[in-house]
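Since the structure comes first, as structure tokens, the remarks are kept for the end.
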Amino acid sequence: MKKAVRPLMVLFCACVLLACSNSNSVIEEQTENPDRPFADYEVVPGDDPFTFTFKNKSTKFKSLEWRFGDDSLSVEDSPSHVYAKNGKYEVSLKATAPDGSTAKKLIVVDIDPTKFLKITAKAEGDHVKFGVEATSGTIVSAKWDFGDDDDSDELSPSHKYPAGDLFTTKVTVTTNKGSVAETNMLVSSDGGLIDVTNDFLLNTGPKFRASERFGSRWGVVADWRVNAAVRQRDGGMGGWDEWEGNSMSMESWGGEPDIINGKIQQTTLEALPAGQYFYQMIFHDFQVKNLLYNVISKADELPDVDKVEQTNPDVLGWTKFSGNGPLKQTTPFNLNEQHKVTIGFVSTFTDSDQNFKLTQVRLYQLAK
């Protein structure tokens, strides 16, 4: 879907992180030579996030050489410079004295688009209305990639997504000086999402941690409650597999014991605020012939596998798995009031050759 550029301008702020700590600001060691120069300067942000003035504070120099970290240089006393795109740049100043001795100073300038660009995404009917917000300087064009093989050249486009799936929307903006920056946002058909995983859950991958190990492969996944039905591996292990990058797992393969009403679950650290949420699971692989569910519940314990689909006021949402895909799945749920929730898997594997290996999970909240 190609649309014409609309003659709309958006102001955005020059909120730029200057990485000038001792680890990123380097002054060449001084010697006892009294004629050696001293190299020093201050980075002064300009009228947009890509423009800087480098204010010279050096002494005892005859000439200066600036290198801006993007294959450009200057010999001016206090030059200004406009960067073409966002990124990290090592700015180096070399001061040379009349006797040929030199001194250097280096500062890293970090032009981080997350500090000065913000995507807005709000549901309007069955479409999502996008915008890009910022300050000082002028955006003259935007290029949107909606994450589903569709795009737009409008500054504030609308787009329709299928319900239940999550997409990464990217926008590339160009300023009136020709500088380019890109940022992105995870969105659903309901609007933009905020990642709140680390606020409420522990050990979410990738590379799940194990609290117990036995032998070279099996373990118990840490910070999740694993019941006895899942711990049918060697040494009473279950729920964690070193294969495929330390995955969360359930497995009943070949002649191994069945899993009857197996559960792996975790209750959130704190109560979630009222709102709309999306619990995303990314698997390395799974093969399901019997029953496997992801369940979200307000209770401290997930329901038994044969009760998941029954009417239960505590169950906020569930996803039933079958076959071997898709490997990225999402369970949406709503909270009408602030409340802790329990999240996890319940399963029964009685047929042979069934398993899942989970790479990571994420919890997203719909942005207000």
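If you take the residues in segment 200-231 that are β-branched (V, I, T) and part of a loop (DSSP other than H, G, I, E, B), which one is surrounded by the most Cβ atoms within 10 Å (Cβ to Cβ)?
V230
Filter segment 292-317 for residues that are open to solvent by less than 60 Å² (accessible area, probe 1.4 Å), in a loop (DSSP other than H, G, I, E, B) and among the polar types (S, T, N, Q) and give the result.
N312
With the condition kept exactly as written, say whether any residue in segment 326-338 is closer than 25 Å to A228 by Cα and either open to solvent by less than 60 Å² (accessible area, probe 1.4 Å) or not polar (S, T, N, Q) (or both).
Within segment 326-338 (the criterion being closer than 25 Å to A228 by Cα and either open to solvent by less than 60 Å² (accessible area, probe 1.4 Å) or not polar (S, T, N, Q) (or both)), the answer is no, since none of the residues qualifies.
Which residue pairs have Cβ atoms closer than 6 Å, lie 6 or more positions apart in sequence or on different chains, and pair a first residue in segment 310-323 that is farther than 13 Å from Y293 by Cα with a second residue that is among the small types (G, A, S) and surrounded by 18 or more Cβ atoms within 10 Å (Cβ to Cβ)?
D314/S297
Looking at segment 148-162, is at least one residue open to solvent by 30 Å² or more (accessible area, probe 1.4 Å), assigned to a strand (DSSP E or B), touching a strand residue (DSSP E or B) at 6+ places or on another chain (Cβ under 6 Å) and among the polar types (S, T, N, Q)?
There is at least one residue in segment 148-162 that is open to solvent by 30 Å² or more (accessible area, probe 1.4 Å), assigned to a strand (DSSP E or B), touching a strand residue (DSSP E or B) at 6+ places or on another chain (Cβ under 6 Å) and among the polar types (S, T, N, Q).
For segment 38-71, which residues satisfy the criterion of being aliphatic (A, V, I, L, M) and either assigned to a loop (DSSP other than H, G, I, E, B) or touching a residue at least 40 places away in the same chain (Cβ under 8 Å) (or both)?
Answer for segment 38-71, where residues must be aliphatic (A, V, I, L, M) and either assigned to a loop (DSSP other than H, G, I, E, B) or touching a residue at least 40 places away in the same chain (Cβ under 8 Å) (or both): A39, V43.
Report yes if some residue within segment 189-199 is open to solvent by less than 10 Å² (accessible area, probe 1.4 Å) and touching a Gly at 6+ places or on another chain (Cβ under 6 Å); otherwise report no.
No, every residue in segment 189-199 fails to be open to solvent by less than 10 Å² (accessible area, probe 1.4 Å) and touching a Gly at 6+ places or on another chain (Cβ under 6 Å).
Among the residues of segment 247-287, which ones are in contact with a Leu (Cβ under 7 Å, 6 or more places away or on another chain) and aromatic (F, W, Y)?
Correct list: Y277, F278, Y279, F283.
Would you please name the residue that is least open to solvent (accessible area, probe 1.4 Å), looking only at residues in segment 253-291 that are charged (D, E, K, R) and out of contact with any Gly (no Cβ under 8 Å at 6 or more places or on another chain)?
By that ranking, first place goes to D285.
Pairs, please: C-beta under 6 Å, at least 6 apart or cross-chain, first residue farther than 19 Å from V295 by Cβ and in segment 337-354, second open to solvent by 60 Å² or more (accessible area, probe 1.4 Å)?
Listed by first residue and then by second, the contacts come to T350/D258; D351/K289; D353/W253.
On the given criteria, is K170 touching a Cys at 6+ places or on another chain (Cβ under 6 Å) and of a type outside the set (A, V, I, L, M)?
When the stated conditions are applied, K170 does not pass them.
Could you pull out the residue among V295, V220, V226, V230 that is free of Cβ contacts under 8 Å to residues at least 24 places away in the same chain, of a type in the set (V, I, T) and farther than 15 Å from T359 by Cβ?
V220 is the lone residue from the list that is free of Cβ contacts under 8 Å to residues at least 24 places away in the same chain, of a type in the set (V, I, T) and farther than 15 Å from T359 by Cβ.
Tell me which residues, restricted to segment 342-358, are more than 15 Å from W224 (Cβ to Cβ) and out of contact with any Leu (no Cβ under 6 Å at 6 or more places or on another chain).
The answer is F349, T350, D351, S352, D353, Q354, N355.
Return the total of residues in segment 186-217 being under 23 Å from N246 (Cα atoms) and of a type in the set (S, T, Y).
4
Just for strands (runs of 3 or more DSSP E) wholly inside segment 236-288: which have at least 1 residues that are within 14 Å of V226 (Cβ to Cβ), at pLDDT below 95 and not small (G, A, S)?
Those strands (runs of 3 or more DSSP E) span 247-252.
Over 22 Å from the mean Cα position of the chain (by Cα), touching a residue at least 12 places away in the same chain (Cβ under 8 Å) and surrounded by fewer than 16 Cβ atoms within 10 Å (Cβ to Cβ): which single residue out of G125, G178 fits that description?
So the residue among G125, G178 that is over 22 Å from the mean Cα position of the chain (by Cα), touching a residue at least 12 places away in the same chain (Cβ under 8 Å) and surrounded by fewer than 16 Cβ atoms within 10 Å (Cβ to Cβ) is G178.
The values are calculated or read from the model by the stated rules, or taken from the named source; none is laboratory data. Quantities reported herein were computed from a predicted structural model and do not represent experimental measurements. Here the Cβ is made from the backbone with ideal geometry for all residues, glycine too, and neighbour counts use every protein chain on show. Remember, those area values only see protein heavy atoms, side chains included, never the ligands or the DNA or RNA. Shrake-Rupley method; radii C 1.70, N 1.55, O 1.52, S 1.80 Å.
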